[in-house]
Each structure stands twice: as structure tokens, then as C-alpha cells.
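Below is one structure, written out as C-alpha cells, with a few remarks after it.
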Amino acid sequence: MAVPLILDCDPGHDDAMALLLAIADPAVDLLAVTTVAGNQTVDKCTLNARRVLSLAGASHIPVARGAAQPLVRRLRIADDVHGQTGLDGPLFTDEPSVPESPYSAHELLTDVLRTHPTPVTVVATGALTNVAALLASEPVPNLAEIVWMGGSTDRGNIQPLAEANAAVDPEAADQVVRSGVPFTMCGLNVTHQALVTDEIVAQFERIGTPLARVCVEWMTFFASTYRDLFGFAAPPLHDPVAVARVIDPAIVRCVEANLVIETQGEWTAGATVVDLDGYTGRPANARIAVELDRGAFWSRIVAAVAALG
Ligand code: BDR
Ligand code: CA
């Protein structure tokens, strides 16, 4: 049975690839897509989500717009990484064929969770603003699990000790982690194992479809910003790691540990404090991704792009 899934995202080049994986992989059933401000404004992220679904021919999946701002902080976008559109690379001038849902992300999330016959997994690949609002609603929704791309067991990528999705909305991340809903964190320590090497790009090129060519252009842009900003030889494809964890938990090995989100620190807001060594004595409250099966990960992604034609 395919795992029922909602993807809450801020596309974003790696979010776009996470969407393609979730649309095409037979191990998951993508029921809905919701957007959140992060990589770009929520307007641009919503347009990009519609664009990706249109390119993938996934017009049956609703796309709803979520939070335009973090819970309490000012939005900080990542146009240095993802460009002016949030999905720079290929130039699109037409309107995506997939429309925006008339529902807000919150309405769509609650509706899908209320009506689906079995608990649904939410994969979040942006700030946790929408998810925090969802968990604050009554009755508490019947979620199977939240799997998040965000945080790090090590250092950050937007602050010395904070990863971007955590740093954009630390208060939301804190509320979600404290909620008690089963929570998995796929942080930089594991997503930096998912590097889009020239060999991976060559595999997309060999697929040869219009969608695969778009993926090559996306990855080429993403590689250029990661090279210029961070000195990476190949960019890390963060967000699909969280989808891959749901597709097959063996692809992303996790350990159980205590996780808290720093919200008060003058220099450390958004730090994900993971007690891998049991220093604090606090009980485990999260699954923390630590190791990626690179071969299995990339074959699922390449197969997804090829399957979408
Ligand atoms: C995360 O931040 C965003 O720029 C990416 O889409 C990813 O979700 C990586 O830190
Ligand atoms: Ca993202």
C-alpha cells in the first residue's frame, strides 16, 4: 500500500525535485501540496509548485497557498541560492496549467486529514509555519508522522549553528517538535550526502525528455549558486531526502534522540540541538537521519523523472 502523503514546501530547486519524486514514486500517494514562504515569497513558491505539477502532468493534485510570514519573525528569503523566481534556470513565460486551490493550505490540510480513511504523513521541506498552525487546530489532526527536511546535527547553512528551514521560523519548529506527533528530522548532516554530481546530471540528460531537460537546467543553476556561495563542487539535493525516507526507510537510516529547537539564543536561534550522545538524559523525542543510501536514493529520483515522461 502506498503511503498517503502531503508535501508542504517552498519551491525551490530541491523542493521541485522532491515534488517530482513524490508524484512519481509508487511507494507514496501524494494527496495534496501546500506552500510556505521561505526560499522565496509564498506567491512565488506557490507559482513554482503549480509549475512543477504542470510539468509533471499532475493536474489531479491540489496546490494550496500557506503562510506568507513566519509565526513571529520577519521572513528571510533565499534568493541568493534559488534566484529571483525561487526556481531560476529555465525561463517560463506561460501560466502553469495547474490552478491554485481556492482553499488555504490550512483548509486543505485539515480537509485531507479529516476525510482520508487512514492517517496521513506530512513531509515538510520548508519552514514549519503551516505545520505548527495545523497542530494548533482543534481537534488535533490525525497525522501518522511529520518528516522534515531541516536542521542539522552539526553546523548550519544560514547561520553558524542554524539551517535555513529552522532559522526562518524557529518558533514553529519548536511547537512542532513539542507537539508529540512522531517527528523525523532529515538535516544537513544527511542531505550533504545527496550531492548532484556531474554523473547524476548526465543520467538526467540521458533520459532526454522535456522534463528531464528542465531538471538539468534547474540543477545547473543550483550547482552554480552552491559553488559561488558555499564552494561546493556539487550541490546537495536536500528536500528529496525527506520524501525518500517515507518511500523506503532503509534509504535514510535514523537514530532516536532528544531534539530541542533553540528559540532564545542571541546568536543561535534556529539551532537544532540533537543529543546524540545522551548528555542531557532527556528522553528521545525524534528520529534523526544520519546516513543516506546514495545508490538507492539516486535510482529512485532518476526513475521518478524518467517515469513522468
Ligand atoms: C533547505 O533550505 C532551502 O533553501 C532548501 O529548499 C532546503 O529545504 C536547505 O537548508
Ligand atoms: Ca525547501
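The values are calculated or read from the model by the stated rules, or taken from the named source; none is laboratory data. Source: prediction; values computed, not measured. Because the Cβ atoms are built from the backbone with ideal geometry, glycine has one as well, and the counts that use them run over all protein chains shown. When the accessible area is computed, the model is the full protein with side chains, heavy atoms only, and any ligands, DNA or RNA have been set aside. Shrake-Rupley method; radii C 1.70, N 1.55, O 1.52, S 1.80 Å.
Contact map, region 166-194: residues that are farther than 15 Å from Ile261 by Cβ paired with residues that are among the β-branched types (Val, Ile, Thr) and in a loop (DSSP other than H, G, I, E, B), Cβ distance under 6 Å, separation 6+ or inter-chain. Pairs shown: Asn189/Thr153. State the number of residues belonging to region 180-214 that are within 16 Å of ligand 2 (Cβ to nearest atom) and part of a helix (DSSP H, G or I). Residues flagged as within 16 Å of ligand 2 (Cβ to nearest atom) and part of a helix (DSSP H, G or I) within region 180-214 amount to 3. Looking only at residues of region 61-92 that are open to solvent by 30 Å² or more (accessible area, probe 1.4 Å) and among the aliphatic types (A, V, I, L, M), we find that the one that is modelled with the lowest pLDDT is Leu91.
Table: residues versus (1) within 17 Å of the chain's Cα centre (by Cα); (2) farther than 24 Å from Val81 by Cβ; (3) open to solvent by 30 Å² or more (accessible area, probe 1.4 Å); (4) among the β-branched types (Val, Ile, Thr).
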| position | (1), (2), (3), (4) |
| --- | --- |
| Ala223 | no, no, no, no |
| Leu229 | no, no, yes, no |
| Val246 | yes, yes, no, yes |
| Ala269 | no, no, no, no |
| Thr272 | yes, no, no, yes |
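Determine whether Glu138 is charged (D, E, K, R) and within 20 Å of the chain's Cα centre (by Cα).
For Glu138, the condition - charged (D, E, K, R) and within 20 Å of the chain's Cα centre (by Cα) - is not met.
If the condition is being in contact (Cβ under 8 Å) with a residue 60 or more places away in the chain and among the acidic types (Asp, Glu), then region 230-262 contributes Asp239, Asp248, Glu262.
Provide a single number: the residues in region 1-60 that are within 11 Å of ligand 1 (Cβ to nearest atom) and either of a type in the set (A, V, I, L, M, F, W, C) or surrounded by fewer than 23 Cβ atoms within 10 Å (Cβ to Cβ) (or both). Here the count works out to 6.
Out of all the residues in region 133-156, which are farther than 23 Å from Asp277 by Cα and within 16 Å of ligand 2 (Cβ to nearest atom)? Correct list: Ile146 only.
Which residues, counting only those in region 252-272, are within 20 Å of Asp174 (Cα to Cα), outside any loop (DSSP other than H, G, I, E, B), touching an Asp or Glu at 6+ places or on another chain (Cβ under 6 Å) and not polar (S, T, N, Q)? Passing the criteria: Ala257, Ile261. Answer yes or no as to whether Val112 is more than 28 Å from Arg74 (Cβ to Cβ) and open to solvent by 40 Å² or more (accessible area, probe 1.4 Å). Answer is no for this residue. Residues in region 62-89 that are closer than 11 Å to Lys44 by Cα and more than 16 Å from ligand 1 (Cβ to nearest atom): Arg65, Ala68. Being farther than 21 Å from Thr125 by Cβ and open to solvent by 30 Å² or more (accessible area, probe 1.4 Å) is not true of Gly265. Remark: Pro102 matches the filter, which requires a residue to be surrounded by fewer than 20 Cβ atoms within 10 Å (Cβ to Cβ), out of contact with any helix residue (DSSP H, G or I) (no Cβ under 9 Å at 6 or more places or on another chain) and over 16 Å from Val168 (Cβ atoms).
Taking the criterion of being closer than 26 Å to Ile247 by Cβ and either within 16 Å of ligand 1 (Cβ to nearest atom) or acidic (Asp, Glu) (or both), the residues of region 90-133 that qualify are Asp111, Val122, Val123, Ala124, Thr125, Gly126, Ala127, Leu128, Thr129, Asn130, Val131. Of the helices (runs of 4 or more DSSP H) lying entirely inside region 2-98, the ones with 2 or more residues being of a type in the set (A, V, I, L, M) are found at 13-24, 42-55.
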